[in-house]
């Protein structure tokens, strides 16, 4: 398993670097769109649809909607608002699982939830890419999420006692959450001090980082919730040793839209 993970990561890393940081315009939109479309194919399985024609049809629908969003950028603010409202609702669903399943709307409702997860993530990346220092913004949100994941893993293994969401993901602990949060805040503080941010800017950055990390955990737990309901371990086997695309981007689908919204509120860029 470890060998597979290393080989897959070694093959995907150059592709990811080129796609995220060297592609521009429609090429970037298509690259991210491919990732999101593959995730949509997986999400249909999480929603309870096992038949390939249905899963492919859902992926095609998502691809068509991405095309519409690319042609109509004026929809971006509304999609970001929908994302914020969805992740607030998702928090309640995670906390209330398994009783909250009755609010999903069954399989059709689960497909709609997939749209609320995937479309805003794609849109938010388009927004970040077009803003000043766009590539660095994308790196920043990824580092925040990755640092939180790594910090949570090690602090959870060392100190984990109290379960964070046992009905959804028994392996996660409050100690892991705190450790991951502290790791991300430490990086944010180091960057702020290095760049000479004022005390007010530092406080706002730390608060923003805490919110982004918190919602990234909800993104992870939301996918875990749907996987547990569907009785599957991984969203697919598209990435040998890593599971599926959704397994790799679940935290980011939540973190990236909120990151873009917070930067917009701070006046970083316009929609």
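The values are calculated or read from the model by the stated rules, or taken from the named source; none is laboratory data. Only a predicted model underlies this, so the values are computations on that prediction, with no experimental measurement involved. Methodologically, a virtual Cβ is constructed for each residue, glycine included, from the backbone with ideal geometry; neighbour enumeration extends over all protein chains shown.
Numbers for the structure displayed
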| read-out | value |
| --- | --- |
| Exclusive hit being at pLDDT 95 or above and under 30 Å from residue 24 (Cβ atoms), set 187, 178, 139 | 187 |
| Residue within the stretch 202-211 that is touching a residue at least 60 places away in the same chain (Cβ under 8 Å) and either under 22 Å from residue 95 (Cβ atoms) or part of a helix (DSSP H, G or I) (or both) present | yes |
| Complete set of residues in the stretch 130-165 that are surrounded by 14 or more Cβ atoms within 10 Å (Cβ to Cβ) and either touching a strand residue (DSSP E or B) at 6+ places or on another chain (Cβ under 7 Å) or not in a helix (DSSP H, G or I) (or both) | 131, 156, 160, 163, 164, 165 |
| Those residues of the stretch 36-54 which are in a helix (DSSP H, G or I) and surrounded by fewer than 19 Cβ atoms within 10 Å (Cβ to Cβ), in sequence order | 52, 53, 54 |
| Residues located in the stretch 251-264, provided they are under 8 Å from the mean Cα position of the chain (by Cα) and surrounded by 24 or more Cβ atoms within 10 Å (Cβ to Cβ) | 251, 253, 254, 255, 256 |
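Residues checked against (1) touching a helix residue (DSSP H, G or I) at 6+ places or on another chain (Cβ under 8 Å); (2) touching a residue at least 12 places away in the same chain (Cβ under 8 Å):
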residue	(1), (2)
107	no, yes
112	no, no
115	yes, yes
118	yes, yes
126	yes, yes
131	yes, yes
138	yes, yes
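To keep it simple, each residue is scored yes or no on (1) in contact with a strand residue (DSSP E or B) (Cβ under 7 Å, 6 or more places away or on another chain); (2) outside any helix (DSSP H, G or I); (3) surrounded by fewer than 16 Cβ atoms within 10 Å (Cβ to Cβ); (4) modelled with pLDDT under 95.
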residue	(1), (2), (3), (4)
62	no, no, no, no
65	no, no, no, no
79	no, no, no, no
88	no, no, yes, no
91	no, no, no, no
107	no, no, yes, yes
114	no, no, no, no
119	no, no, no, no
